[in-house]
Structures are given as structure tokens and as C-alpha cells.
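Undergrad: The following block contains the structure, expressed as C-alpha cells.
Please treat every number below as a calculation from the coordinates, not as lab data. Note that the structure is a prediction, hence the values are computed from the model and not measured. Quick reminder, even Gly has a Cβ in these numbers, built from the backbone with ideal geometry, and neighbours come from all protein chains shown.
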Amino acid sequence: MQAAPNRGDAVKYAFIWPAFLIVLVVTLFPLIYALTVSFQAVRVVPPLPPRFVGFENYETILSSARFWGSMWTTTIIVVVSVVFQYVLGFALALALHHNVRGADLYRVTFLLPMFLAPVCVALIARMIFHPYLGPVNDALDAMGFDYVPFLTEAWLAIGVLIVVETWQWTPFVMLLMLAGLQSLPEEVFEAARVDNVPAWRRFVDITFPMLLPLSVAVIFIRLIEGFKVIDTVFVLTGGGPGTATETLTLFAYNEGFKKFNLGLTSALSFTFLIVVIVSGTVYLLLAQRLLRRYA
Amino acid sequence: MSHIRFAQVTKAFGEVTVIPPLDLAIEQGEFMVLVGPSGCGKTTTLRMLAGLEAVTSGTIAIAGRDVTHARPGERDCAMVFQNYALYPHMSVRDNIAYAMRVHGVDRATIDRKVADAAELLGLTGFLDRKPKNLSGGQRQRVAIGRALVRDPQAFLFDEPLSNLDAKLRVEMRTEIKLLQRRLGTTTVYVTHDQVEAMTMADRVVVMNGGIIEQAADPITLYEQPANRFVANFIGSPAMNFLDATIDGGSVHLGDQTLELAPQDETRLGNRGAVTFGIRPEHMRHSAHQAELTFRPDVIEPLGAHTLLIGHLNGAALIAQVDPRFPVSVGENCTVPVDMTQAHFFDPQTGARL
């Protein structure tokens, strides 16, 4: 009788183990190590022996106004800038898709911001919005307005951060939405044109729903990426004035590399991870309900 | 007055002219099929009528109104596309109702029209399905339903059956034809399939290289093709073409002589070189019969009849004979030729003599 594949054959483990070991070493080990650290009091300066403290680090974080402040700041920056990125990116993609004159040139120029290092972008933005030396205030001055303290006033600084994030990441959204637009079947739109459906209805009823799955994915990527924002904030405002523009990652950085409070920093990282996972899941659940109506 | 009229319409893509001046008149209620090989300009012609391609020069009129520069939506045509072009995120019901909804038709009318169309096309059980959950034939029926609820001036079909399997194609062919008869809507139908063209059309336009080779009813196309291209394109298997000379009331094919039918003899006289055309199915007994001897290389029994495929004087030759015709591969055989069905073409211009 022809035997079924031998389930006891030990050689199959030889094929599984290398991959499993690599995953274990590169991904799981650091993660688990960080998790254990988050339950300990670890200080590098002054060096103290690690001490198990249970959930103390997490309690400290959750009861810290600075944490909730950074959470709020991050959420505002991310949500508002992603909304702008999506709307502007989609609009630009539509414009390029419909073959504006010189679309090729625009396509390249529009992508440039995405290729720049966020640190450079932040440095340039810092110059542009400088209270006394920046061209924005020069222009306001020339028009007879007062100087605006863009980077030293909490709400203005957050506004500038939103502008910089939007400027840098709109091209990413545009690129993906343009690819999505170009993958849509042309005949569907021709059918709508022949049926005398006006352009705006074609967008609302056909283009937008057909690109909804892509939109959900693009926004998801931008939200996750956005939550990790640190370089721009670090260079542009350093989290100031005070901690008014401090984002979660910058908060973690300050705790870890300025106070060398590694236990608390690990706990903060995990709190951050939980925040991202929870908000990501909520977003996807909501998106799923929306998609089920269309797809 | 004709319902749709192309007057001196041309189309050029950059330097390349794909449609030289084209004139075509389609009558009210007529089922007109544009047929031709790939790249013959039939789809471009249809898309110009729909307004999806701009006309380079000339005018197009629908129901007496010049629509040359009108937007597609202003022309009141309904189009069915090769890939169905259904809205993938809408149910069958929404697909059919969408255009009416956009134009503010009241709910009761929409519901009635959708129900009627679904009934007519056998889609009643599928109204709440999405296109991806339908078969190819059902999708095409939805596309047709979407067109017919609009009560347009004209239906435009762009190779609607080419994505369907052979059996379904034959069924849909009949359905579309019946539907058009019932509705009496002027229809322009593009296909590369001559069988589809012949079976469905009131009138067939055979196109080649942007030029109309012949526009006529199917039987005229078959019996009196205007030229060698039409003769070759219409009919399956295709007509045989052999170099011949006409002299003294007979056709000379190499060393074989076939006597002309009396009406051809008076019409043609002594011609010298011609192209002799005979359809495989006309190699049969008749009152004015000649005989042709050739050597078949392949024998294809199809049941109802048998095809003998071989060569004569270097040209391919196919004969359609009775299944019990005595023949074997590689041996000369003599088949009858019905000379009343013979065609003669000018070897230079290809025009029928």
C-alpha cells in the first residue's frame, strides 16, 4: 500500500528550524527582551542593578500628564496631516491622471519631497518659518503684518509640523493613488460617459468607491508611519515650547537617551505599540464596514 | 431619411490616417453590423459614433441632429462593451438603474424598468448580486440590460460576445437579435466574426483598412461579393482562389478546362488572366457542372460533410464533399464544380467581374 506522507519524518523540522531561528533571533528576542526590561527599573546613569518592579513603569506612564499630552499632540498631528495628505494627494493624482499639460514634469517634481530626508526637510522648514530670518515672516512683514512666532507658540508650532508632514508625504499618497487610478478599467468610465453621467458623479459613484480599498490601505500606512514621527519634531521644535509639540516617540527618546531611564522607555515603547495596534485595529474595523458596502 | 449618417468622416491618430473619408447611412430600426479583420477601423468607427473618439473631419448625424462635436452623453446612444464595463462595486440592480438614478428618474419608474429588463434578460434572480458573482453570459446580459433601460436612439455593441465561450456566443447571438427585433431600436454592432455578422445583421458593412469594401445584406454579400476581399472574408471555409484564364467559353486552370455557365460566358467573353473563385460548398453537382482534379493532403470528416484540403497549381484548395465521397490522402480525386456559383475577379484590382 502506498503510504501517506510520513508524519513522523524528522527531516521536515530541519527545513523549518533555520527560518524559525532567524525570526527568533532577529525579531522575537529583542521584543521579548524589551518587554522584560519594561517590567524592571533599569538606569544606566547612575548605573543601578536591574530590579523587577512589575507594572510600576506602566503606572508611571499612564498617570503622567506628559504622556497624555504627547499622545494628544501625536494624534492631532497625524490625523490632521493624513487628512490633508489624502485629499491633496488624491486631487493631484486625479489631475495627473487626466493628462494635464506637462504631466511628466509635474510627476517628477511632485515626488521630490518624498525623497528628501525628514531631517533636511525639518531644517529647511525651520529656516523658512524662523521668526526673524524666515521668508514667511518677511513676506508677512512686507504685507504689513506683525511677525508670527511660528515655532514658539504651541498651536502654531503644531500647525507648522502638520504643514511639513503634509508637504513631505502628500507625494507618497499621490503616487499610490495615481497607480490606483491607472489600474482602473477605462471602459467602465466610457460606459458612464456614454450614459451621460456628469464628471463629478463619475468620481463620487465610480472612481472613489473603486479606489476605496486602496484608500484604506494608503491611509493606514500613513497613520502607522505618522505615529512614529520624531525627526521632524526633534529638529523643528525639539518638542517645545515646553512639551507642547512632544510626540510619543520624542517623549520615549527623551526618557531613554536624556534620562537613560531604560525601564520606563521600554514600557513607553510598549504602550506606544499598544496604542498603534488598538487604533490600527479600530481603523481597520471601521474601514471594513465601509468596504463591505462596496466591495 | 437615414437615422444615423456618417458623411466624409475621417480619423487620424497623429500622422496615421486610420479612416479615410467614410460615408455610411443606417436606417431607423436597422441592425447594422460592422465586420472586418483586426485593425480595419470598425471599432474606431463605432467609438466615433459614440463620441469616445474625436472625428478628425466630416460629420456624424443621429436622427437628423449633427452630433459630430457633441459629448458622448449628449448623443443618446447606449453602448455595450467587449469587457462588459459593469460597475464592479454595484449590484446588478444598481448597475442597470444607475444612469436613470443620475438623471433623476423617479423611483417607481426605475423599479419597473429594472424589473422589466431583468425579466426580459432572465436576470430576475440575480438582481442583488455583484458582477463578480456572475458568469460571463450573465454579465453581458447585465450590460445589455443597462443599455436597454435607457430607451436610446441607438444601441452600439463593441464585440460584445468575444469574451464568451462558443456555445454561449451562439445563444447570445440569437437573444440579441430577437431583442433588437422586439425593440426595433437602431443598432450598430461591431464584430470580427463573420458568422456573427451574417447571422445577426439586416445589413453588413465589410471594412478593411478603414475603407468600406461592401455594405449589403448577408445573402448579397455571400452571393455577389463586390471584390476578392469580401469573397474571402465572408463564408467558412473561405472561398478558393485560383489563377486562371478565360478563353473560348471555358476557364483554363493549368491543363484543366472548366466550361463556363452560359450567363457567365456572355458576360465575360474572352478575358485572358482572371482569378477564379469557387466556394468549397459549391463543389457539388449541378446543371452546369464541371470537374476539377486535385490531390488532397488532408481529409477532415466533419460528419455532415467532409473537407478535402490540398493544392492545385501551387494554390491552396478546399473542397466540401459528401461524407461517402470516395477519396484517399495523396491520391488524385475529381470533384464536381457548380459553375453557376463560380466567381471571377480582376487579378489586379480584385474587383468582381
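Undergrad: What do you get for the angle between helix B:92-102 and the principal long axis of chain B? Use alpha-carbon atoms, 0 to 90 degrees, nearest ten.
TA: Computed tilt is about 60 degrees.
Undergrad: Let me ask something else about it. Give me, ordered by chain and number, the residues 5 or more places off A:Asn196 or on other chains with an amide H under 5 Å from its own placed amide H.
TA: B:Gly73
Undergrad: Please compute the contact order of chain A in relative form: average sequence separation of alpha-carbon pairs under 8 Å and at least six residues apart, divided by the residue count, as a percent.
TA: This gives 29 percent for chain A.
Undergrad: Connecting C-alpha atoms closer than 10 Å in a GNM of chain B, tell me which of B:Glu159, B:Glu196, B:Glu223 has the biggest fluctuation.
TA: Among B:Glu159, B:Glu196, B:Glu223, the largest mean-square fluctuation in the Gaussian network model of chain B belongs to B:Glu223.
Undergrad: Report the relative contact order of chain B, percent, no decimals, based on alpha-carbon pairs under 8 angstrom and at least 6 residues apart.
TA: Details: 713 pairs, mean separation 54.3, N = 353.
It rounds to 15 percent for chain B.
Undergrad: Per residue of the range B:149-156, in order, report the coupling 6.51 cos²θ - 1.76 cosθ + 1.60 (Karplus, θ = phi - 60°) as ³J(HN,Hα) in whole Hz, putting x for Gly and Pro.
TA: 5, 7, 6, x, 5, 8, 9, 10
Undergrad: Compute the convex hull volume of the Cα atoms of the range B:29-155, divide it by the residue count, and report the result per residue in Å³ as a whole number. If you can, show how the numbers build up before the last one.
TA: Values: hull volume 17.1 nm³, N = 127.
Hull volume over Cα atoms, normalised by residue count, gives 134 Å³.
Undergrad: Let me ask you something else. With θ taken as phi - 60° and the coefficients 6.51, -1.76 and 1.60, list the Karplus ³J(HN,Hα) couplings across the range A:50-62 in order, rounded to whole Hz; mark glycine and proline as x.
TA: x, 9, 6, 10, x, 8, 4, 4, 5, 4, 3, 5, 5
Undergrad: Using the Cα centre of the range A:4-126 as the reference point, and only Cβ charges (+1 on K/R, -1 on D/E), how large is the resulting charge dipole? Debye, rounded to the nearest 20.
TA: Dipole magnitude for the range A:4-126 comes out near 140 debye.
Undergrad: Going Cα to Cα from B:Lys42, which aspartates and glutamates come in below 16 Å? Please leave out same-chain ones fewer than 8 positions away.
TA: In chain and number order, the partners are B:Asp23, B:Glu53, B:Asp158, B:Glu159, B:Asp193, B:Glu196, B:Glu213.
Undergrad: If I model a spin label at A:Phe115 and A:His130 as a point 7 Å from the Cα along the Cα→Cβ vector, what separation in nanometres do I get?
TA: The answer from the label model is 2.7 nm.
Undergrad: When chain B is treated as a GNM, springs tying every alpha-carbon pair under 10 Å, which of B:Lys130, B:Lys113, B:Lys167 comes out with the largest mean-square fluctuation?
TA: Of the options given, B:Lys167 has the highest mean-square fluctuation.
Undergrad: Could you tell me the relative contact order of the range B:42-160? Use alpha-carbon pairs under 8 Å, at least six residues apart, and round to a whole percent.
TA: Here the relative contact order equals 37 percent.
Undergrad: Can you tell which of B:Phe13, B:Val105, B:Leu178 lies farthest toward the positive end of the dipole of the protein assembly as shown, using +1 and -1 charges on the Cβ of basic and acidic side chains (Lys, Arg; Asp, Glu)?
TA: Going by the charge dipole, the pick is B:Val105.
Undergrad: Can you tell me the convex hull volume per residue for the range B:7-81, based on C-alpha atoms, in Å³ to the nearest whole number?
TA: So the per-residue Cα hull volume is 103 Å³.
Undergrad: Taking the Cα centre of each part, how many Å lie between the range B:203-227 and the range A:108-148?
TA: 70 Å
Undergrad: For an R0 of 60 angstrom, estimate the FRET efficiency from the Cβ-Cβ distance between A:Phe145 and B:Thr349 and round to the nearest 0.05.
TA: Working: r = 82 Å, r/R0 = 1.37.
The calculated FRET efficiency here is 0.15.
Undergrad: Nearest 5 is fine: what % of DSSP beta bridges in the range B:4-233 come out antiparallel, could you say? Present the calculation step by step, with values, prior to reporting the outcome.
TA: On the way: 19 of 37 bridges.
Restricted to the range B:4-233, the bridges split so that about 50 percent are antiparallel.
Undergrad: Extending each Cα 7 Å along its Cβ direction at B:Arg107 and B:Thr10, get the distance between those two points in nm, one decimal.
TA: So the two model labels end up 5.5 nm from each other.
Undergrad: Stretch A:Ala179-A:Leu290 to full length: gain in nm at 0.36 nm per residue minus the Cα-Cα span?
TA: Details: separation 111, 0.36 × 111 = 39.96 nm, distance 2.20 nm.
Answer, rounded to one decimal: 37.8 nm.
Undergrad: Enter the Cα centre distance for the pair the range B:277-307 and the range B:13-75, rounded to the nearest angstrom.
TA: The distance from the Cα centre of the range B:277-307 to that of the range B:13-75 comes to 41 Å.
Undergrad: For a quick size check, give me the Cα extents of the range B:256-322 along its three principal axes, largest first, whole Å.
TA: 39, 27, 15
Undergrad: Quickly work out the B:Thr220-to-A:Ala217 label distance, labels modelled 7 Å from Cα along the C-beta direction, and quote it in nm with one decimal.
TA: Distance between the two pseudo-spin positions: 5.5 nm.
Undergrad: Treating only the Cβ of Lys, Arg, Asp and Glu as charged (+1, +1, -1, -1), what charge dipole size does chain B show about its Cα centre? Round to the nearest 20 debye.
TA: Roughly 1620 debye for chain B.
Undergrad: In addition: Could you tell me the center-to-center distance, by alpha carbons, between the range B:123-160 and the range A:47-80 in angstrom?
TA: Answer, in whole Å: 58.
Undergrad: Identify which of B:Gly39, B:Gly104, B:Gly64 has the largest mean-square fluctuation in a Gaussian network model of chain B, with springs joining Cα atoms closer than 10 Å.
TA: B:Gly104
Undergrad: Related question: Which percentage, to the nearest 5, of the DSSP beta bridges contained in the protein assembly as shown is antiparallel? Spell out each step's value before the answer.
TA: Working: 60 of 78 bridges.
Roughly 75 percent of the DSSP beta bridges within the protein assembly as shown come out antiparallel.
Undergrad: Separate question: Relative to the longest principal axis of chain B, what angle (0 to 90°, nearest 10) does the C-alpha long axis of helix B:166-183 take?
TA: Helix B:166-183 sits at roughly 60 degrees to that axis.
Undergrad: For chain B, how big is the tail of P(r) above 40 Å, as a whole percent of Cα pairs? Walk me through the numbers before you get to the answer.
TA: Working: 17137 of 62128 pairs.
The share of Cα pairs beyond 40 Å in chain B comes to 28 percent.
Undergrad: Run the helix sum for chain A: -39,500 (n - 2.57) per DSSP H stretch of 4+ residues, divided by residue count, reported at 222 nm to the nearest 500 deg cm²/dmol.
TA: My calculation for chain A gives -22500 deg cm²/dmol from helical runs alone.
Undergrad: Return one number: the angle in degrees, 0 to 90 and rounded to the nearest 10, between the long axis of the Cα atoms of helix B:136-148 and the longest principal axis of the Cα atoms of chain B.
TA: For B:136-148 against chain B, the angle is about 60 degrees.
Undergrad: What dipole magnitude, in Debye to the nearest 20, does the protein assembly as shown give about its Cα centre under +1 on Lys/Arg Cβ and -1 on Asp/Glu Cβ?
TA: Around 2340 debye, computed over the protein assembly as shown.
Undergrad: Can you figure out the FRET efficiency of A:Ala199 with B:Ala316, using R₀ = 35 Å and their beta-carbon distance, to the nearest 0.05?
TA: 0.05
Undergrad: Determine the equivalent ellipsoid of chain A by diagonalising the alpha-carbon gyration tensor, then write out the semi-axes as square roots of 5 times the eigenvalues, largest first, rounded to whole Å. Don't jump to the answer; show the numbers that get you there.
TA: On the way: eigenvalues 303, 254, 56 Å².
Whole-Å semi-axes of the equivalent ellipsoid: 39, 36, 17.
Undergrad: Once phi is turned into θ = phi - 60°, what whole-Hz ³J(HN,Hα) does the Karplus curve with 6.51, -1.76 and 1.60 give for every residue of the range B:264-275, x standing for Gly and Pro?
TA: Residue by residue, the range B:264-275 yields 6, 4, 5, 6, 8, x, 9, 10, x, 6, 9, 9 Hz.
Undergrad: Need one number: convex hull volume per residue for the protein assembly as shown, Cα atoms only, in Å³.
TA: Roughly 300 Å³ of hull volume per residue.
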